[in-house]
Amino acid sequence: MHMLSFDVEEHFQVAAFWSVARRREWNGLASRVENNSMKITELLSEHSTKATFFVLGWVAERHPELVKRLAQQGHEIASHGYGHELVHTQTPTEFRQDVRRSKRILEDLIGKPVAGYRAPSFSISSRTPWAIPVLIEEGYRYDSSIYNRFRGATETGVAGAGAYLIETEVGTIWEVSPSTMNACGLQLPVAGGGYFRLLPYAVSKMFLRSLERQGSQLVMYLHPWELDPEQPRMEGPLLSKVRHYLNLSKTEQRLRWLLRDFSFAPINQVVQHVRYIFEKQGDRSHATV
């Protein structure tokens, strides 16, 4: 089974346009996340597909009915942290408070445990060796924050993507890395987001089919704002503007094609299946941090 996920955040919260001044403006900026998220659920419903929605706690506080609606439709609700702070900009204590706060907000809304976490901008890395143990201690069952893009398999210890077990001194957690494809010794990103918008869909499909033939589980991600070509334009570095606004008008159709060509399930459903096989076979392939 392949995995499809969406990082639920406002268009003005992306890290590429981050500044202290803009952060102060958040409460006064026009929200577009609810309509964009509902557009996604309509597409998913047309293809009888359920997905994982990594929701910011900040968004959940302001749009509680959106979170409840997503859960009622059978989608998995997971945590994207509270305020879209990059993990390496926080202390371990601040990070713990952030992921605990988000988890509590979401669980209070949906009435059941939240199993998964994804860091803003995939910002868990070798710079934050304390982050994974914190997630384990805070009750998360899987993480989807380690994106091995543009790195060699020898650097990461785990090539490609999919679900694999991480062992730490405080316990274990499943890591679900977005899909990458090995080329010239590097893991090239093909999982979604800006990369999905950059490449023609035929090229993305070719890469994804190749991974599928190799037996890899696809782990795809997008953001609600990527289906919103009419969103207000923000000022920022030229490269950030190109990356953020590139091909927004094409994302919706490409998502339709993706749902037509591949079968997806929520991340937690696939992790539970992998965990069952892992325990049944006694497979001990894992990574250690």
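Just so it is clear, none of the values below were taken in a lab; they were calculated from the coordinates. In this text the structure is predicted, and so the values were computed from the model without any measurement. Backbone-built Cβ (ideal geometry, glycine too); neighbour counts: all protein chains shown.
As a rough footprinting exposure proxy, the listed residues F264, F6, F12 were ranked by other beta carbons within 10 Å of their own, and the order from fewest upward is F12, F264, F6. Fewest-first ordering of W18, W225, W130 by other beta carbons within 10 Å of each residue's beta carbon gives W130, W18, W225.
Counting lysine pairs in the chain whose alpha carbons fall under 21 angstrom apart, excluding pairs fewer than 8 residues apart on the same chain, gives 12. Across q = 0.14, 0.21 Å⁻¹, region 102-237 modelled as identical point scatterers on its alpha-carbon atoms has Debye log10 I(q)/I(0) values of -0.77, -1.29, in the order of the q list. Around the amide H of L188, modelled in the peptide plane, lie the amide H atoms of F150, M181, N182, A183, all under 5 Å away and 5 or more residues distant in sequence or on another chain.
Averaging the Cα positions of each part gives two centres, and for region 226-243 and region 64-131 these lie 25 Å apart.
For region 2-288, relative contact order (Cα pairs under 8 Å, six or more residues apart, normalised by length) works out to 23 percent. Per-residue ellipticity at 222 nm, computed for the chain from helices alone with -39500 (n - 2.57) per DSSP H run of at least four residues, works out to -12500 deg cm²/dmol. When the chain is described by a simple charge dipole with +1 on each Lys and Arg Cβ and -1 on each Asp and Glu Cβ, the residue from P113, N247, S102 located farthest towards its positive end is N247.
The stretch between L29 and S240, if pulled fully straight at 0.36 nm per residue, gains 74.0 nm over its current Cα-Cα span. Taking a ≥ b ≥ c as the square roots of the eigenvalues of the alpha-carbon gyration tensor, region 1-52 is classed oblate because a/c is 1.5 or more while a/b is no larger than b/c. Largest first, the extents of the alpha carbon coordinates of region 1-106 on the three principal axes equal 40, 29, 23 Å.
Dipole magnitude for the chain: about 500 debye, using +1 per Lys or Arg Cβ and -1 per Asp or Glu Cβ, origin at the Cα centre.
Sort K241, K103 by Cβ crowding within 10 Å, fewest neighbours at the top.
In order of increasing Cβ crowding within 10 Å: K241, K103.
Report the rotationally averaged projected area of region 2-288 based on its alpha-carbon convex hull, in square nanometres.
That works out to 14.5 nm².
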